[in-house]
Ligand SMILES: Cc1cc2nc3c(=O)[nH]c(=O)nc-3n(C[C@H](O)[C@H](O)[C@H](O)COP(=O)(O)OP(=O)(O)OC[C@H]3O[C@@H](n4cnc5c(N)ncnc54)[C@H](O)[C@@H]3O)c2cc1C
């Protein structure tokens with residue numbers, strides 16, 4: 001039986017079991033006299049950086065989803081509750097779930113992440129495939145595999161876009177996904193579908209900005225463009241997506257691309273809970289927090305990870321990154337422990353591990369440390385693996401399987417392990433309405 005809250009002023013409610021929520025709950029769990037209730041709408045943690053690998057059949061869903069109950073199984077002072085939090089009462093320090101449960105604590109930590117931002121692009125919410133959750137990754141995988149089966153059944157559909165994949169957004173998510181789809185086509189589908197003209201498949205990458213990986217250096221922009229070019233990815237830079245329809249996408253320069261698969265990596269915004277929490281909001285609709293991750297006018301409430309605008313030393317908010325989320329969650333736990341001990345909270349200090357992106361199998365760019373050393377190829381991939389292995393240790397203690405997988409993936413050129421269509425989504429080609437992609 002899980003232990004009940006202590007009633008001694010030491011009950012902490014954590015909303016969200018992503019990097020930030022786990023970082024916080026993990027740290028608090030080490031203190032037997034603190035009780036934690038961790039609430040998430042899923043009963044698992046999803047490791048977002050590897051979602052695109054599930055979508056492109058390189059990993060199975062179970063490889064990147066970890067049971068929250070199992071992660072805290074040995075900690076009797078942590079209760080995991082499955083539920084979607086709909087609102088917060090900051091004064092009472094209580095949250096209410098969509099099914100009407102009210103859970104109050106002495107402190108509340110909001111760590112509910114992000115949701116896709118379609119920037120009001122016509123048709124995008126209905127027809128594009130976002131990539132921010134395991135459900136999204138599974139829906140995209142089903143669509144990609146479904147399209148290959150459709151083209152195999154009727155090759156004339158290739159002209160109508162059956163094997164044309166359009167990725168929107170040239171940040172790390174879009175670049176990684178475009179590279180992985182290109183690898184899937186060339187390394188695997190060309191073997192699996194040997195009767196099909198797989199060489200007719202196209203991958204397009206579209207971004208309003210003029211370069212790939214805008215947050216990286218010029219050298220990285222050029223390297224990413226070169227690698228994707230080698231993989232046959234067609235770039236449409238400096239052009240907006242005007243409309244996403246069920247059978248095509250239209251760009252701002254008038255280009256129309258027939259396609260049944262538009263991947264949306266175009267941006268994120270705060271989840272609805274941020275506005276429903278009744279707290280001060282800033283850029284991207286995120287909750288504005290102070291240097292110590294507390295919120296003006298809401299004592300005992302903390303916001304961490306993607307949902308928060310966390311001020312950095314230069315006044316700009318820290319970026320939405322797994323390492324920022326994990327470290328801010330841990331820092332919020334330290335703040336709460338300081339509150340309990342009657343000590344002064346310390347400001348959050350982010351240890352910047354750098355930024356990186358993998359551009360398909362065998363290539364990555366990384367800019368590591370305050371001086372932004374640029375790394376490419378195998379060295380960058382090693383850094384990518386190291387940083388993600390560290391993130392993985394924030395989630396669970398074992399990282400050996402991850403490191404094994406990483407080296408195998410990089411060095412062996414092995415094909416995807418999962419080619420099932422158990423979660424298939426039907427595709428309509430004529431006038432009948434097509435099955436909706438996963439709800440956002
Ligand atoms: C495709 C992709 C690739 C990425 N790659 C990298 C990378 O390589 N490196 C890197 O550092 N970062 C990467 N990021 C960013 C990183 O994953 C996020 O910054 C990080 O996950 C944020 O952590 P978080 O805990 O704030 O939110 P999340 O990890 O999103 O967790 C939020 C949790 O809250 C739960 N939740 C949400 N709303 C509610 C609610 N109302 N009630 C209950 N529970 C709720 C969700 O189910 C989820 O478990 C990537 C992100 C994406 C989408």
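The values are calculated or read from the model by the stated rules, or taken from the named source; none is laboratory data. It should be emphasised that the depicted structure is a prediction, and the values quoted were computed from it without experimental measurement. Cβ coordinates were reconstructed from backbone atoms using ideal geometry, including for glycine residues, and neighbour counts include every protein chain displayed.
Scanning region 73-101 for residues that are within 14 Å of the ligand (Cβ to nearest atom), in contact (Cβ under 8 Å) with a residue 40 or more places away in the chain and in a loop (DSSP other than H, G, I, E, B) yields 83, 84.
Every condition in (1) surrounded by fewer than 24 Cβ atoms within 10 Å (Cβ to Cβ); (2) under 11 Å from residue 203 (Cα atoms) holds for residue 134 except the one numbered (2).
In the set (1) touching a helix residue (DSSP H, G or I) at 6+ places or on another chain (Cβ under 6 Å); (2) at pLDDT below 95; (3) surrounded by fewer than 19 Cβ atoms within 10 Å (Cβ to Cβ), the condition left unmet by residue 141 is number (3). Contact map, region 292-320: first residue closer than 26 Å to residue 10 by Cα, second residue assigned to a strand (DSSP E or B) and more than 16 Å from the ligand (Cβ to nearest atom), Cβ cut-off under 8 Å, separation 6 or more or different chains; pairs are 300/107; 301/107; 301/294; 302/107; 302/294. Is it fair to say residue 337 is more than 16 Å from the ligand (Cβ to nearest atom) and either in a helix (DSSP H, G or I) or modelled with pLDDT of 75 or more (or both)? Taking the combined requirement at face value, the residue satisfies it.
Counting only strands (runs of 3 or more DSSP E) wholly contained in region 8-68, the ones carrying 1 or more residues that are over 30 Å from residue 146 (Cα atoms), within 9 Å of the ligand (Cβ to nearest atom) and touching a strand residue (DSSP E or B) at 6+ places or on another chain (Cβ under 9 Å) occupy 11-15, 35-40.
Please enumerate the residues belonging to region 340-362 that are within 15 Å of the ligand (Cβ to nearest atom), part of a loop (DSSP other than H, G, I, E, B) and at negative phi.
348, 350, 351, 352, 353, 359, listed by residue number.
Among the residues of region 338-349, those identified as closer than 25 Å to residue 317 by Cβ and in contact with a helix residue (DSSP H, G or I) (Cβ under 9 Å, 6 or more places away or on another chain) are 344, 345, 346, 347, 348, 349.
Within region 172-208, the set of residues being assigned to a loop (DSSP other than H, G, I, E, B) and at pLDDT 95 or above comprises 201, 208.
Can you spot a residue in region 291-309 that is within 16 Å of the ligand (Cβ to nearest atom) and closer than 24 Å to residue 219 by Cβ?
Taking region 291-309 as the starting set, the residues that turn out to be within 16 Å of the ligand (Cβ to nearest atom) are 293, 295, 301-309.
Right, trim to closer than 24 Å to residue 219 by Cβ and you get none.
Looking for residues that are within 16 Å of the ligand (Cβ to nearest atom) and closer than 24 Å to residue 219 by Cβ, one finds none in region 291-309, hence no.
Scan region 258-282 for residues that are within 21 Å of residue 207 (Cα to Cα) and either out of contact with any strand residue (DSSP E or B) (no Cβ under 9 Å at 6 or more places or on another chain) or away from the ligand (no atom under 14 Å from the Cβ) (or both) and the total you get is 5. Considering only region 235-243, I want to know if a residue exists there that is buried (at least 20 other Cβ atoms within 10 Å of the Cβ) and part of a strand (DSSP E or B). Yes, region 235-243 contains at least one residue that is buried (at least 20 other Cβ atoms within 10 Å of the Cβ) and part of a strand (DSSP E or B). Residue-level check: of (1) in contact with a helix residue (DSSP H, G or I) (Cβ under 7 Å, 6 or more places away or on another chain); (2) within 12 Å of the ligand (Cβ to nearest atom); (3) closer than 19 Å to residue 171 by Cα, residue 286 misses just (3).
Taken over region 244-291, the residue count meeting the criterion of being part of a strand (DSSP E or B) and surrounded by fewer than 15 Cβ atoms within 10 Å (Cβ to Cβ) is 1.
Would you check which residues across region 102-138 are part of a loop (DSSP other than H, G, I, E, B), closer than 30 Å to residue 339 by Cα and near the ligand (Cβ under 10 Å from one of its atoms) and list them? Don't jump to the end; show me each part of the working.
Restricting attention to region 102-138, the residues satisfying the condition of being part of a loop (DSSP other than H, G, I, E, B) are 105-106, 111-114, 117-121, 123, 128, 131-133.
With the extra rule that they be closer than 30 Å to residue 339 by Cα, the set shrinks to 105-106, 111-114.
Selection gives 111, 112, 113, 114.
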